Amino acid sequence: LMNKFLIFSFFILILLSCKKDIPQPYDLSYSYTYFGLIKGNYVLYEVVEITHDENAIVQHDTLRYQLKTLIGDTLYDNSGRIANRFFRSKRPDANSPWSITDVWTTIIANNKAELVEENQRIVKLIFPFSKQMTWNSNQFNPNAANACFYSSIDYSAFIGTFPFDHLVQVEQADERNLVVYKRHFEVYAQNVGLVRKYYKDLNIANFDTLNIKSGKELFMDVIGYGN
């Protein structure tokens, strides 16, 4: 009987020691749920993408499609951290099948929500939320520094046709001069993730935002979500 007890105790100790080696899921404090990083979470978007080029045959080319993002399985990234696969799928309309276009990775680590877009690691959110906080979204990639901040925290609004009680808006760029107009921001909803993206990056003439020489516009609004 004593031998069986010793064997059982030894087995339990092995299990406990192994458990310590397994990184645990991120804490749900600090409003981490606004990033929606739960396996199986998906968000559907209606997307309008406009490419401007005054030298092209089609100077202002508009593309409309639907986008789906899905949080996939976990994996270890090249820093030994547990990250999640982030699947992006597109379709031209609601009657067409989805086609996977990208498999990115995403993680919450050191109170930062990160998304690797086209091999560029972007800091999307910083926790906890504060209007006094600013951060460089490009601090982990070679792109020019980009200062971000929260313009609105824990507010309610309709995004598309959905009413949300808890939203946060991240300002990413707001610049206008003689030849440039930039306006970038994203809105995140509690327990959902990104629900709106507004992106204008234009080369203009004489401060006129309607006299566009080149650039890109991208608008995304949520049309569905779940797990």
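The values are calculated or read from the model by the stated rules, or taken from the named source; none is laboratory data. Treat the numbers as computed from the prediction; the structure is a model and nothing was measured. Here the Cβ is made from the backbone with ideal geometry for all residues, glycine too, and neighbour counts use every protein chain on show. Just the protein is used for accessible areas: all its heavy atoms, side chains included, with ligands, DNA and RNA removed. Shrake-Rupley method; radii C 1.70, N 1.55, O 1.52, S 1.80 Å.
Here is the tail figure for the range 87-147: Cα pairs spaced more than 19 Å apart come to 46 percent of all pairs. This model, with +1 at the C-beta of Lys and Arg and -1 at the C-beta of Asp and Glu, gives the range 73-125 a dipole about its Cα centre of some 100 debye. Here's the picture: charge each Lys and Arg Cβ at +1 and each Asp and Glu Cβ at -1 in the chain, and of Leu75, Asn55, Asn146 the one pushed furthest to the positive end of that dipole is Leu75.
What is the magnitude of the charge dipole of the chain about its Cα centre, with +1 placed on the Cβ of each Lys and Arg, -1 on the Cβ of each Asp and Glu, and no other charges, expressed in debye to the nearest 20?
Numbers: 23 positive and 24 negative charges, 157 e Å.
Dipole of the chain, to the nearest 20 debye: 760 debye.
Coupling constants for the range 94-103 follow from the phi torsions by the Karplus curve (6.51 cos²θ - 1.76 cosθ + 1.60, θ = phi - 60°), and in residue order they are 5, 9, 9, x, 6, 10, 5, 10, 8, 10 Hz; glycine and proline get x. A convex hull fitted to the Cα coordinates of the range 145-227 yields 116 cubic angstrom per residue. Extents of the range 50-163, taken as max minus min of Cα coordinates on every principal axis and listed largest first, are 45, 37, 33 Å.
Taking R0 as 41 Å, what FRET efficiency do you get between Asp208 and Thr101 from their Cβ-Cβ distance, rounded to the nearest 0.05? Calculated value: 0.75. The chymotrypsin sites (Phe, Trp or Tyr not before Pro) of the range 164-217 that meet both conditions, a loop assignment by DSSP and at most 15 other Cβ atoms within 10 Å of the site Cβ, are Phe207. Going by alpha carbons, how many degrees (0 to 90, nearest 10) lie between the helix axis of 2-20 and the longest principal axis of the chain? It works out to around 10 degrees. Rolling a 1.4 angstrom probe over the range 109-176 with all protein chains present gives an accessible area of which 47% lies on carbon and sulfur atoms. Distances between placed amide hydrogens fall under 5 Å for Glu117 paired with Ile122, all partners being 5 or more residues away or on another chain.
Beyond 19 Å in Cα-Cα separation lie the following of the pairs Lys124/Lys197; Lys68/Lys197; Lys182/Lys216; Lys90/Lys200: Lys90/Lys200. Each principal axis of the chain carries a Cα extent, and these read 88, 45, 35 Å when sorted largest first. For the chain, the solvent-accessible area of protein heavy atoms averages 59 Å² per residue (probe radius 1.4 Å; ligands and nucleic acids excluded). Summarising the amide proton neighbourhood of Asn41: residues at separation of 5 or more, or on other chains, whose placed amide H is nearer than 5 Å comprise Ile71.
For Lys213, Lys124, what's the largest-to-smallest order of accessible area, 1.4 Å probe? Let's see the in-between values first.
Working: Lys213 70, Lys124 15 Å².
The ranking, largest first, comes out as Lys213, Lys124.
Calculated from the alpha-carbon coordinates, the range 97-190 shows an Rg and a Dmax of 15.0, 44 Å respectively. Given 10 °C and 1.306 mPa s, compute D for the range 35-116 with the Stokes-Einstein relation, Rh being the Kirkwood radius over Cα pairs; round to the nearest whole µm²/s. Once the numbers are plugged in, D ends up at 108 µm²/s.
Taking amide hydrogens as placed 1.01 Å from N in the peptide plane, the amide H of Gly224 sits under 5 Å from those of Leu44, each at least 5 positions away in sequence or on another chain.
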